[in-house]
Amino acid sequence: MLTRHATYDATVSATHWNVPQHYNIGVDVCDKWADGADRLAIIHEKSPADIQYYTFDQLKAYSNQFAHVLQQAGVARGDRVGILLAQGIETAIAHIACYKLGLIAIPLFSLFGSDALAYRLSNSGARGLVTNAEGVAKLGTIATPLPELKTVVDIDATQNTPATLAFWPSLQQQPDTLEPVRTLADDPAVIIYTSGTTGKPKGALHAHRVLPGHLPGVEISHNFFPENAKVMWTPADWAWIGGLFDVLMPSLHHGIPVLACRFSKFTAEAAFDIMSRHQVTHTFLPPTALKMLRRLENPRGRWPLALRSIASGGESLGLELIDWGRRNLDITINEFYGQTECNMLVSSCADLFEPKIGSMGKAAPGHDVQIVNDQGEVLPDGTEGNIGVRCPDPVMFLGYWNNPEATREKFAGDFLVTGDMGVRDEEGFFRFVGRNDDVITSAGYRIGPGPIEDCILGHPLVSMVAVVGLPDDERTEAVTAFVVLNEGVVPSDALKKEIQDHVKTRVAAHEYPRRVYFVDALPMTTTGKIIRKELRNYTEAPR
């Protein structure tokens, strides 16, 4: 945990990594707090009338029991287990059980379509899957053979079937004691799939040390978390690195209760309602969520809020959101930066320095973040280049799952190169310039065009397609598809909707193209590559 100092420089100077050789995420976030004191761990709100409270003692017992369920099903150390669930107690139990057994958890977004789910289960060679009735039904629509998937656990089931195990009935038959696997800090713990930029998404394999590696960035982005913390919450799904390792795991590590709630649809009123109802003190809110909250007048007059800290990342905040937070919530929102492979690298901290509008903040204590060229050589302040992180670093991934070539390409010299371009000024503030890949930032999600293009190309009336992000006032960027139809096919609004629905059901509901433009041809290089920059210059639909 960071020690509070009066200045940023003093905080950095006093920060030193002390990751033990043997370390296990599951033991750290759960067992160390299970001392019989009934300390609150998870608040699970299914509805305002259905709220359950779970202590660390219960979390330890349940995760031990579920670990036995997995063991009896034949899942062994090093096996991969998908977790296709939204926020909830079962999600936390499944993760902790996997870590205790030395398994590799694979968080999977519940809105993934059948194609996206099939790819990740197949690519990872997942041996098990923990999901709900909706996920079991989705699994049944997958045509791709998944020969390694032997165990499917359904949290909604009341009894076992030949195809699935019932989560709670199976768990309750097991002993609540367990000897966790004695993992090394460098042992693999979790695979989080990145957004597919060119081709398929890549599985970023992280070690158990990824959690302690996150802590300085999390703590500074919340003004020395867990000071004054009572309840932490985020609307971000725990299937993403932001929800899982910026919120859930760091909070449990510090013994701070986490509020779990799945919105059928996120609204500003619902967000303020739940933060008020549970007296949330700390929250991670993506900028798109903040923009929605900003539309409501006088939130402190309408809700008895207990908010003390808001952290935000994924998109630039800008002056308007910073000012809104100060005026309406009496909070300076701290912006942070990171990515799936190496997260929580840069952050603002209102308790240490005034935010510089247009910047993401300064390097989080413990991380050596520099601007480097393509060879990994450090560039002078004020020079645009690659945002890089010096190796080694505990938050840094082990590599891409079964993709050594892509792993090698991620490094240059002594640095992991993020793939993002930036500038550092003489005061140490980092400004984000742009991406040297094609990831789209929309509503807080990083969305790769590759899987969407692949899906649209599968439509029988489509000849060619390119997907880019175009500016959007609310979502930062809107996923936009430029489609060349087969000869003789007439463009229509009905066909646009058909293409959108095609992506919704096969890739993910949050990744469908909100704009579809029909064009006669795509701009191409002489070597046949799409010139995406030209597509991004479109301000009006061709037709």
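The values are calculated or read from the model by the stated rules, or taken from the named source; none is laboratory data. Every value quoted in this text rests on a predicted model; they were computed, and no experiment measured them. Because the Cβ atoms are built from the backbone with ideal geometry, glycine has one as well, and the counts that use them run over all protein chains shown.
Here are the numbers for the structure shown:
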quantity: Unmet criterion (only one of (1) β-branched (Val, Ile, Thr); (2) surrounded by fewer than 21 Cβ atoms within 10 Å (Cβ to Cβ); (3) under 29 Å from Asn403 (Cα atoms)) for Ile192; calculated: (2)
quantity: Every residue from region 397-417 that is crowded, with 18+ Cβ neighbours inside 10 Å and in contact with a Gly (Cβ under 7 Å, 6 or more places away or on another chain); calculated: Tyr400, Trp401, Thr407, Phe415, Leu416, Val417
quantity: Positions within region 438-476 being modelled with pLDDT under 85, among the charged types (D, E, K, R) and either surrounded by fewer than 17 Cβ atoms within 10 Å (Cβ to Cβ) or part of a helix (DSSP H, G or I) (or both), in sequence order; calculated: Asp454
quantity: Boolean, Lys356 is at pLDDT below 95 and among the basic types (Lys, Arg); calculated: yes
quantity: Lone qualifier among Ala126, Ala143, Ala133, Ala116 - being outside the structural domain of Gly448 (by TED's automatic domain parsing), buried (at least 19 other Cβ atoms within 10 Å of the Cβ) and over 18 Å from Glu511 (Cβ atoms); calculated: Ala126
quantity: Region 428-471, subset basic (Lys, Arg) and not assigned by TED's automatic domain parsing to the domain that holds Gln500, residue farthest from Ile241 (Cα to Cα); calculated: Arg431
quantity: Boolean, Glu474 is touching a helix residue (DSSP H, G or I) at 6+ places or on another chain (Cβ under 9 Å), more than 30 Å from Lys138 (Cα to Cα) and not assigned by TED's automatic domain parsing to the domain that holds Tyr119; calculated: yes
quantity: So His253, is it at pLDDT 95 or above, closer than 26 Å to Glu341 by Cβ, surrounded by 24 or more Cβ atoms within 10 Å (Cβ to Cβ) and not assigned by TED's automatic domain parsing to the domain that holds Ala508; calculated: no
quantity: Answer residue from region 329-352, given it is touching a Lys or Arg at 6+ places or on another chain (Cβ under 7 Å) and not acidic (Asp, Glu) and is farthest from Thr3 (Cα to Cα) among those; calculated: Leu329
quantity: Single residue of region 237-262 satisfying the filter (of a type in the set (A, V, I, L, M) and outside any helix (DSSP H, G or I)) that is farthest from Gly314 (Cα to Cα); calculated: Ile256
quantity: Test: residue in region 403-410 that is under 25 Å from Val218 (Cβ atoms) and at pLDDT 95 or above; calculated: yes
quantity: Subset tally (residues that are of a type in the set (A, V, I, L, M, F, W, C), assigned to a loop (DSSP other than H, G, I, E, B) and within 10 Å of Ile220 (Cα to Cα)) for region 327-369; calculated: 4
quantity: Residue in region 135-145 that is under 22 Å from Ala239 (Cα atoms) and assigned to a strand (DSSP E or B) present; calculated: no
quantity: Single residue of Gly366, Gly361, Gly388, Gly376 found to be farther than 24 Å from Lys202 by Cβ, touching a strand residue (DSSP E or B) at 6+ places or on another chain (Cβ under 6 Å) and either surrounded by 18 or more Cβ atoms within 10 Å (Cβ to Cβ) or not basic (Lys, Arg) (or both); calculated: Gly361
quantity: Check on Glu320, of a type outside the set (Gly, Ala, Ser) and buried (at least 23 other Cβ atoms within 10 Å of the Cβ); calculated: no
quantity: In region 271-292, residue farthest from Ala86 (Cα to Cα) [restricted to those that are in a helix (DSSP H, G or I) and in contact with a Phe, Trp or Tyr (Cβ under 6 Å, 6 or more places away or on another chain)]; calculated: Ser276
quantity: Of the criteria (1) assigned to a strand (DSSP E or B); (2) free of Cβ contacts under 8 Å to residues at least 60 places away in the same chain; (3) under 30 Å from His502 (Cα atoms), which one Glu148 fails; calculated: (1)
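Yes or no, residue by residue, for (1) surrounded by 11 or more Cβ atoms within 10 Å (Cβ to Cβ); (2) basic (Lys, Arg):
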{"site": "Ala6", "(1), (2)": "no, no"}
{"site": "Thr15", "(1), (2)": "yes, no"}
{"site": "Val19", "(1), (2)": "yes, no"}
{"site": "Ile25", "(1), (2)": "yes, no"}
{"site": "Lys46", "(1), (2)": "yes, yes"}
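For (1) under 30 Å from Val468 (Cα atoms); (2) assigned by TED's automatic domain parsing to the domain that holds Glu134; (3) not aliphatic (A, V, I, L, M), each residue gets a yes or a no:
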site	(1), (2), (3)
Thr164	no, yes, yes
Phe167	no, yes, yes
Gln172	no, yes, yes
Pro175	no, yes, yes
Lys202	yes, no, yes
Pro216	no, no, yes
Ser221	no, no, yes
